[in-house]
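Report on the structure given below.
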Amino acid sequence: MQKIIKRKANKQVQIIKAFILDALSWAYIALVSYKIIYEKIIIDVRYPEFAWKQPIYSLYFGIAVSIIFFFTNFSLGKGLFGLIKIDENDSATSKPFAFLGYLLIALTFLTGFYVSQVSIKEFFSANGLEGAKRIFTALIHPNWGIFEQGLFAAIETIYMAFIATAIAIPIAFILGFFAARNLMSGNKFAFFCYSALRAVLNISRSIEPLVWAIIFSVWVGIGPFSGMLALCLHSIASLTKQYSEQIESINDGPVEAITATGAHPIQVVWFGVVPQIVLPYLSYTIYRWDINVRMATVIGLVGGGGIGNLLMQYQGQARWSEVGLLVILIAAIVWTMDWASSVIREALK
Amino acid sequence: MLEIKNLEKVYPNGHHALKDISFSVPKGEFLVVIGLSGSGKSTMLRCINRLHDPTGGEILFNGVDSTKLKGSSLRKMRSEIGMIFQHFNLIPRKTVMANVLSGNLSRTGVLKSILGIYDPEVVERAKKYIDIVGLKGKEKNRADNLSGGQQQRVSIARALMQNPKILLADEPVASLDPATSHSVMQYLKKVNEELGVTVICNLHFLSLVRQYAHRVVALKHGKLIYDGRPLEISEEWFKTIYGEDAVEVTIN
């Protein structure tokens with residue numbers, strides 16, 4: 001009885017979801033058609049006005065249209081949420097509701113081209129080609145005079161990335177256990193810790209290291225330290241997530257067996273969990289160092305020190321030969337790290 | 001030695017796995033539990049050492065109700081009950097020796113065990129049990145490189161390290177070939193007869209049951225439906241336990 005009620009409630013939720021999806025799709029179609037196709041492409045308004053009434057009217061329009069179409073097979077939402085029966089032999093892509101999907105994709109393409117201002121004319125303009133040629137000529141004639149300066153900056157970058165990874169490892173190692181659902185779902189307090197930690201990690205991971213570097217360069221001053229802190233924070237968040245996912249995917253058998261011997265919970269983790277995760281951990285960590293070296297280069301651009309900082313300086317002075325040398329150095333580092341990390345990770349398997 | 005009274009287990013998802021199960025196991029008995037997959041055999045075994053928590057009833061282990069134990073007294077109780085599993089559940093990438101020593105964790109301090117410090121006396125005992133299960137000379141081999149039968153023998157040695165009063169065996173031969181199955185069962189018999197350890201074993205093959213069990217209990221849909229001698233299981237009982245369409249398969 002309960003199951004039937006549940007299934008019914010479930011179906012109602014699906015219908016509501018389907019309707020919302022339909023309404024939003026139609027509203028999107030209306031808004032994009034008006035703003036891009038009508039205003040920009042057809043009548044070419046130079047400074048189109050934006051008013052909140054436009055999306056709101058579109059939404060009304062979307063709701064109205066989807067009420068009409070909701071009872072037909074043109075409802076995309078009903079199709080996606082499985083409320084329209086599809087024969088196994090029949091493919092879903094040829095059903096009427098799929099056409100709404102195609103329309104959405106086509107409109108999005110058109111808008112995308114328009115918004116990114118794709119212009120063949122600009123790409124092949126004589127002036128532009130001349131400038132590109134100038135830079136490329138300088139780039140392929142790098143100034144080897146600053147090789148030592150560049151090399152020292154590159155070494156700074158590599159060490160910065162290394163220390164950021166090294167500091168992140170033990171912290172992420174410990175946090176990884178607390179962020180693993182299978183270890184933390186025992187009681188309510190543990191689950192609360194798990195959820196809180198997950199939320200903090202997700203937030204700090206969703207803020208780009210570039211932004212962290214800007215924050216830290218104000219905090220501790222411009223230089224490698226701020227870049228290192230930014231990388232470190234990002235590494236902790238990413239490694240903790242990867243570590244905990246690894247813990248979640250372990251085989252429960254050894255954990256059960258060690259528990260059954262009467263071992264202490266810490267021993268259960270050490271003997272039942274750790275041996276199963278050591279290799280993937282190493283592999284993730286080396287890959288993270290690899291990523292950090294590449295990121296450290298970019299972070300240098302915003303004052304995080306290292307080779308990125310140097311690149312920024314020469315680029316600002318439009319000294320393209322020097323930039324050319326730095327680009328070669330960066331490419332060499334990235335290539336070497338890429339190769340080394342894949343060799344090590346392959347050997348660990 | 002072990003007395004189970006009105007044991008109940010309802011999983012959080014509502015599945016009623018064990019319904020009012022009562023029986024007792026005297027010291028030194030080789031008890032075999034039979035029943036179809038999903039009949040509650042594994043759940044019952046895991047309730048005995050509290051890998052699963054029963055939702056009702058009592059389990060008296062040496063006169064103490066083990067269903068109420070917590071923390072260190074729960075671990076003490078577990079340390080007196082050895083367990084072996086269908087998939088051996090050895091620690092991957094570790095040697096046979098390290099795996100057998102892990103049976104002694106409950107008597108080793110947390111820090112000492114993490115640092116890998118074991119008393120020479122404990123190592124000697126581990127060697128003795130490795131010898132008993134016929135794996136002498138394989139101490140330094142990685143346990144996950146051994147064959148299935150050998151891995152199961154490692155797990156028997158690990159359980160023996162606990163000096164168990166009871167050995168629980170959850171389908172110990174279900175993932176082994178017939179010849180190896182008999183060898184593993186022989187070792188369980190040896191443990192039972194020579195070391196006097198009470199054995200409770202889940203099995204699928206009736207031919208093995210008849211050969212090794214002193215006594216048999218059968219579960220069906222979470223209920224205890226048979227309790228008796230292995231040779232008394234008639235064709236009729238067989239159909240009741242395994243269903244009308246069941247055909248007995250033997251392994252020799």
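Each reported figure results from applying straightforward, stated rules to the coordinates on display, with no laboratory input. A quick note: this is a predicted structure, and the numbers were derived from the prediction, not measured. Ideal geometry is used to build each Cβ from the backbone, glycine not excepted, and the neighbour counts take in all protein chains shown.
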query = If the viscosity is 0.890 mPa s and the temperature 25 °C, what translational diffusion coefficient in µm²/s does Stokes-Einstein give for the stretch A:143-348 when Rh comes from Kirkwood over Cα pairs?
reply = 132 µm²/s
query = What's the FRET efficiency of B:Lys76 with B:Asp119 using the Cβ-Cβ distance as r and R₀ = 22 Å, to the nearest 0.05?
reply = 0.70
ask   = Among A:Gln12, A:Gln267, A:Gln242, which one shows the biggest mean-square fluctuation in a GNM of chain A, springs joining Cα atoms closer than 10 Å?
value = A:Gln12
key: Inter-probe distance in nm under a simple model that places probes 7 Å from Cα toward Cβ, at B:His15 and A:Lys53   = 6.1 nm
note = Distance in nm between A:Tyr102 and A:Ala340 label points, each 7 Å along Cα→Cβ, equals 5.3 nm
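With the Cα gyration tensor of chain A giving a ≥ b ≥ c as the square roots of its eigenvalues, does the rule (a/c under 1.5 for rounded; else a/b larger than b/c for prolate; else oblate) give rounded, prolate or oblate?
In terms of gyration-tensor shape, oblate.
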inquiry  = Per 0.36 nm of contour for each residue apart, how much would the distance between A:Leu279 and A:Phe71 grow if the chain were fully extended, relative to their Cα-Cα spacing?
reply    = 69.4 nm
ask   = If only Cα atoms are counted, what is the Rg of the stretch B:85-163, and what is its Dmax, in Å?
value = 11.5, 33
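Taking neighbour counts of Cβ atoms within 10 Å as a proxy for exposure, in what order, fewest first, do A:Glu248, A:Glu130 appear?
Working: A:Glu248 14, A:Glu130 9.
Fewest to most other Cβ atoms nearby, the residues stand as A:Glu130, A:Glu248.
So, with +1 on the Cβ of K and R and -1 on the Cβ of D and E, and no other charges, what is the size of the charge dipole of the protein assembly as shown about its Cα centre, to the nearest 20 debye?
For this selection, approximately 900 debye.
Report the extension gain between B:Asp177 and B:Asn163 in nm, rounded to one decimal, defined as 0.36 nm multiplied by the number of residues separating them, less their alpha carbon distance.
Details: separation 14, 0.36 × 14 = 5.04 nm, distance 2.85 nm.
Additional length available on full extension: 2.2 nm.
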ask   = Taking the C-alpha atoms of the protein assembly as shown, how large are the radius of gyration and the largest Cα-Cα span, Dmax, in Å?
value = 33.6, 99
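If each residue of separation counts as 0.36 nm, what is the full-extension length gain between A:Phe162 and A:Val45 once their alpha-carbon separation is subtracted? Show your work: numbers first, answer last.
Working: separation 117, 0.36 × 117 = 42.12 nm, distance 5.27 nm.
Net length gain for the segment: 36.8 nm.
DSSP beta bridges in the protein assembly as shown, what fraction antiparallel, as a percent rounded to 5? Mind showing how you got there, number by number?
On the way: 19 of 35 bridges.
Of those bridges, close to 55 percent are antiparallel.
Considering only DSSP beta bridges whose two residues both sit in chain B, what percent are antiparallel, to the nearest 5?
Details: 19 of 35 bridges.
The answer is about 55 percent antiparallel.
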inquiry  = Quick check: from the Cα gyration tensor, does the stretch A:2-118 come out rounded (a/c under 1.5), prolate or oblate?
reply    = prolate
remark   = Restricting to Cα pairs under 8 Å and 6 or more apart, the percent relative contact order of the stretch A:160-278 works out to 33 percent
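First measure r as the distance between the Cβ atoms of A:Phe136 and A:Glu248, then evaluate 1/(1 + (r/R0)^6) with R0 = 56 Å and state the FRET efficiency to the nearest 0.05. It would help to have the intermediate numbers written out before the result.
On the way: r = 49 Å, r/R0 = 0.87.
FRET efficiency, A:Phe136 to A:Glu248: 0.70.
Any idea what the relative contact order of chain A is, in percent, if you count C-alpha pairs under 8 Å spaced at least 6 apart?
On the way: 395 pairs, mean separation 63.5, N = 349.
Worked out over chain A, it gives 18 percent.
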ask   = Can you give the Kirkwood hydrodynamic radius for the stretch A:140-229, in Å, rounded to one decimal and based on Cα pairs?
value = 16.0 Å
ask   = Where is the GNM fluctuation largest for chain A (alpha-carbon springs, 10 angstrom cutoff): A:Ile266, A:Ile250, A:Ile215?
value = A:Ile266
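At a Förster radius of 22 Å, what calculated FRET efficiency corresponds to the Cβ-Cβ distance of A:Leu129 and A:Phe109, to the nearest 0.05? Intermediate values should be presented prior to the final figure.
On the way: r = 28 Å, r/R0 = 1.25.
After rounding to 0.05, the efficiency reads 0.20.
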ask   = Hey, what's the Cα Rg ratio for chain B versus the globular rule of thumb, 2.2 N^0.38 Å?
value = 1.01
remark   = Only helices counted: for chain A, with every DSSP H run of 4 or more residues adding -39500 (n - 2.57) and the sum spread over all residues, [θ] at 222 nm is -24500 deg cm²/dmol
